[in-house]
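The values are calculated or read from the model by the stated rules, or taken from the named source; none is laboratory data. Not measured: the values here are computed from a predicted model. Cβ sites come from the backbone with ideal geometry, for glycine too, and all protein chains shown count toward neighbours. For the accessible areas, the whole protein counts, side chains as well, though only heavy atoms, and no ligand, DNA or RNA atoms are used. Shrake-Rupley method; radii C 1.70, N 1.55, O 1.52, S 1.80 Å.
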Amino acid sequence: MASVGLLYVGAVLFVNAVMLLGRVDPKAAGVLNLFVGAMQVVFPTILLIQAGTDTAAISFAAGIYLFGFTYLYVGIGNLAGIDSTGVGWFSLFVSVSAIVFAAVNFFDVKDYPFGVIWLSWSFLWFLFFLLLGLKRAELNDYTAWVTLANALGTTTLPAFLLLTDNYSSAGKYAVIWAVGTVVIVVGLWPLTRRGSTGAGGGAPAGPAEPAART
């Protein structure tokens, strides 16, 4: 279930990134956000029904809900033309929560690559907070490209690794992931700051099945 969710999260991240770059209409992107958001709400509901008193399963579902609600919020907001400030401030809550889930992966689950991935999602959601909640339009292009990088590196890639049974939770892969993340995040900053267009106009949404590895 985790791998399937991550794959479609990669798709919605890709579309939202392109939307921010002004290549996709926000309403058109909103439809996919609704599809993925619905999936990310249905899946954890099924998990909760089956979880009983299993705290690990409940924690797993809680993380998925965070992102499922984000996608639904974005989808409804884009289609109805609602101001994105609410999504932005909700993104701040998600960003802080993602740090906790990262710690769980590092110290409890011992899934070190996903600990790094959770931190990447936390950073991405913080950018959504700045862009949408605080209306920092000059960060539009940077946020778009960081979203695109997350679409490929923190969702689609691990999804295919999981689907093909090639994923490893070893610490050495976490180091590779961390170094790659820092290089991309830092490298994109000067490239995108040369001229941020703010062309997207709609509310973006980030990762989706983050709780998949908690």
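Checking each residue in the stretch 56-79 for being aromatic (Phe, Trp, Tyr), surrounded by fewer than 22 Cβ atoms within 10 Å (Cβ to Cβ) and within 22 Å of Val109 (Cα to Cα) picks out only Tyr65. Taking the stated definitions as given, is Gly86 in contact with a Ser or Thr (Cβ under 9 Å, 6 or more places away or on another chain) and at negative phi? When the stated conditions are applied, Gly86 does not pass them. Here Ala149 fulfils each of the conditions (1) touching a residue at least 40 places away in the same chain (Cβ under 8 Å); (2) surrounded by fewer than 21 Cβ atoms within 10 Å (Cβ to Cβ); (3) within 15 Å of Leu13 (Cβ to Cβ) apart from (1).
Being assigned to a loop (DSSP other than H, G, I, E, B) and not polar (S, T, N, Q) is the filter here, so list the residues in the stretch 80-106 that pass it. Those that are assigned to a loop (DSSP other than H, G, I, E, B) and not polar (S, T, N, Q): Gly81, Ile82, Asp83.
Looking only at the stretch 34-55, which residues are among the polar types (S, T, N, Q), open to solvent by 60 Å² or more (accessible area, probe 1.4 Å) and assigned to a helix (DSSP H, G or I)? Those that are among the polar types (S, T, N, Q), open to solvent by 60 Å² or more (accessible area, probe 1.4 Å) and assigned to a helix (DSSP H, G or I): Gln50, Thr55. Scanning the stretch 167-185 turns up one or more residues that are closer than 21 Å to Ala11 by Cα, assigned to a loop (DSSP other than H, G, I, E, B) and without any contact (Cβ under 8 Å) to a residue 60 or more places away in the chain.
With respect to being at pLDDT below 95, assigned to a loop (DSSP other than H, G, I, E, B) and crowded, with 18+ Cβ neighbours inside 10 Å, Gly198 falls outside the description. Gly68 meets each of the listed conditions (1) within 27 Å of Ile176 (Cα to Cα); (2) under 18 Å from the mean Cα position of the chain (by Cα) apart from (1). Here the condition is being in a helix (DSSP H, G or I), on the phi < 0 side of the Ramachandran plot, open to solvent by less than 20 Å² (accessible area, probe 1.4 Å) and touching a residue at least 40 places away in the same chain (Cβ under 8 Å); of Val31, Val4, Val18, Val9, it holds for Val9 alone.
From Val100, Val94, which residue is open to solvent by less than 20 Å² (accessible area, probe 1.4 Å), within 17 Å of the chain's Cα centre (by Cα) and either free of Cβ contacts under 8 Å to residues at least 24 places away in the same chain or under 22 Å from Gly77 (Cβ atoms) (or both)? Just one listed residue meets the conditions, Val94.
Which numbered condition in (1) open to solvent by less than 20 Å² (accessible area, probe 1.4 Å); (2) more than 14 Å from the chain's Cα centre (by Cα) is the only one that Thr155 fails? Evaluating Thr155 over (1) open to solvent by less than 20 Å² (accessible area, probe 1.4 Å); (2) more than 14 Å from the chain's Cα centre (by Cα) leaves (2) as the failure.
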